[in-house]
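Working notes, structure below.
The values are calculated or read from the model by the stated rules, or taken from the named source; none is laboratory data. Keep in mind it's a predicted model, so treat the numbers as computed, not measured. Cβ: placed from backbone, ideal geometry, glycine included. Neighbour counts: every protein chain shown. Accessible surface areas use protein heavy atoms only, side chains included; no ligands, DNA or RNA. Shrake-Rupley method; radii C 1.70, N 1.55, O 1.52, S 1.80 Å.
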Amino acid sequence: ESPPRDCEWEIVIVDDGSDDPGLDGIEDEDSRVRLIRLTQNSGFAVACNTGAAEAANCEYLVFLNNDTLPSPGWLDALVREAALHPNAAAVGARLLFPNGTVQHAGVAIGRDGWPRHLYTLFPGEHPAVTRPKRVAAVTAACILVRQSEFAAAKGFDTAFLNGYEDGDLCLRLGARGREILYAPASVVYHLESVTRWPDGPEPVGENERLYDQRWRSKVEPDEFQHFLEDGVLTVEYG
């Protein structure tokens, strides 16, 4: 409904083994839309990597969950931020719950070494939420990645299954000396997990073990630095 004004685009839809008939004929609506149907559900990383392989000739890849509602200008804002920062490998959006509170405003590393979303449930227009910044990671529910950087990193690691794939990718890009940016001008509403795991919570145990083994002892805690810079925490000395 709100295509980008400042860039050429195409859409690759990856149907990850669903039985949804709603996608039938969608390619006929626009020549820039392609549909890939996977015969079985293999998880987020496999689906994203499959879609990315079909779009290998573009400058930027944008991964977007099917449980999101983008706002006008969302994609131009991501591309604009990436163009202004040539060393940025990935750019994430401001994700809001349907009630307007924050679902994602960047990812910080806690004192315990675990990644967490910044400012979850803050008002969506809070000054700390609307400030662009460099972060450790951003969620892949909506993420722009330079195609060259995605290829160099060999995409999302399929060892993770529906959890921590995005954090792992961002940390690997960061280890290559690239920046990860949060672009609040890109606003997307996220219904978060309403389309998966209908029978219970998602299985995160193995994903957590992999993150713990790979990153927890290597990452640098930065959450309090964000709190200070964003003005939600102050320090006074007597």
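For helix 44-54, report the angle its Cα long axis makes with the longest principal axis of the Cα atoms of the chain; keep it between 0 and 90° and round to the nearest 10°.
60
For segment 1-140, give the percent of accessible area contributed by carbon and sulfur heavy atoms, probe 1.4 Å, rounded to a whole number. Could you put the intermediate results ahead of the total?
Values: 3720 of 7400 Å².
The computed percentage sits at 50.
Taking the dipole about the Cα centre of segment 107-238, with the C-beta of Lys and Arg at +1 and of Asp and Glu at -1, give me whichever of Ala151, Leu161, Val188 is farthest to the positive side.
Ala151
I'd like the antiparallel share, as a percent to the nearest 5, of DSSP beta bridges with both residues in the chain. Intermediate values should be presented prior to the final figure.
On the way: 20 of 34 bridges.
That works out to approximately 60 percent antiparallel.
Counting each DSSP H run of 4 or more residues in the chain as -39500 (n - 2.57), what helix-only mean residue ellipticity at 222 nm follows after dividing by all residues, to the nearest 500 deg cm²/dmol?
Numbers: 6 runs with 56 residues, N = 238.
Taken over the chain, the calculation gives -6500 deg cm²/dmol.
Which one, Asn99, Pro70, Gly124, is farthest towards the positive end of the dipole of segment 41-155 when Lys and Arg carry +1 and Asp and Glu -1 on their Cβ?
Farthest along the dipole direction, towards plus: Gly124.
Hey, what D do you get for segment 1-56 in µm²/s if you plug the Kirkwood alpha-carbon radius into Stokes-Einstein at 10 °C and 1.306 mPa s? Walk me through the numbers before you get to the answer.
Working: Rh = 12.4 Å.
The estimated diffusion coefficient comes to 128 µm²/s.
Solvent-accessible area per residue for the chain at a 1.4 Å probe radius, Å²? Please report the intermediate quantities before stating the final value.
Values: 12720 Å² over 238 residues.
Here the residues of the chain average 53 Å² of exposed surface.
In degrees between 0 and 90, to the nearest 10, how far off the longest principal axis of the chain does helix 74-84 point, with axes built from Cα atoms?
That helix lies at roughly 60 degrees to the long axis.
Per residue of segment 93-109, what does 6.51 cos²θ - 1.76 cosθ + 1.60 with θ = phi - 60° give for ³J(HN,Hα)? Whole Hz please, x for Gly and Pro, Karplus curve as stated.
Along segment 93-109, the couplings run 9, 7, 9, 10, 6, x, 7, x, 8, 6, 9, 8, 9, x, 10, 10, 9 Hz.
Between the helical axis of 165-175 and the dominant principal axis of the chain, each derived from Cα atoms, what acute angle in degrees is found, rounded to the nearest 10?
60
Which value, in debye to the nearest 20, gives the size of the charge dipole of the chain about its Cα centre, when Lys and Arg are +1 and Asp and Glu are -1 at the Cβ?
Details: 21 positive and 38 negative charges, 198 e Å.
Approximately 940 debye in magnitude.
If you put +1 on each Lys and Arg Cβ and -1 on each Asp and Glu Cβ, how big is the dipole of segment 1-121 around its Cα centre, in Debye rounded to 20?
Details: 8 positive and 19 negative charges, 163 e Å.
For this selection, approximately 780 debye.
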